[in-house]
């Protein structure tokens with residue numbers, strides 16, 4: 001009786017692992033494209049991570065950066081690097097890269113219009 005309960009618990013708690021095609025279909029837009037075209041999954045993971053990091057750095061520079069000392073910038077980018085590890089996991093199932101691209105475009109357009117208005121005055 002106890003053994004059958006233990007076996008039922010183990011069977012119920014097993015994680016269902018999907019096939020490669022099922023996992024690739026769960027990826028979103030750009031992540032799906034990167035994982036399809038990269039030579040292997042390790043390289044694809046690094047490409048996704050560094051694309052998220054670069055886009056986050058661009059968004060930070062366009063929208064939030066101020067003049068800081070060098071050591072303060074180093075600390076900020078170290079924490080940005082660590083935070084992008086978490087964002088990379090989100091980028092696999094949510095459109096993080098696409099959202100960062102849109103944010104970078106909007107902030108770039110805003111900065112461009114702001115500089116043109118300052119030059120006009």
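The values are calculated or read from the model by the stated rules, or taken from the named source; none is laboratory data. Keep in mind that what you see is a predicted model, and the values were worked out from it rather than measured. Here Cβ is always computed from backbone atoms with ideal geometry, including for glycine, and neighbour counts include all displayed protein chains.
Here are a few things to note about the model shown:
- Leading residue by the ranking (farthest from residue 96 (Cα to Cα)) among those in the stretch 21-44 that are at pLDDT below 75 and within 21 Å of the chain's Cα centre (by Cα): 22
- When residues of the stretch 80-95 are limited to those that are out of contact with any helix residue (DSSP H, G or I) (no Cβ under 8 Å at 6 or more places or on another chain) and in a helix (DSSP H, G or I), the one nearest to residue 25 (Cα to Cα): 89
- Against the criterion of being farther than 18 Å from residue 26 by Cβ and surrounded by 14 or more Cβ atoms within 10 Å (Cβ to Cβ), residue 53 qualifies.
- On the stretch given as the stretch 43-77, residues that are free of Cβ contacts under 8 Å to residues at least 12 places away in the same chain and either in contact with a helix residue (DSSP H, G or I) (Cβ under 8 Å, 6 or more places away or on another chain) or farther than 28 Å from residue 33 by Cα (or both) total 13.
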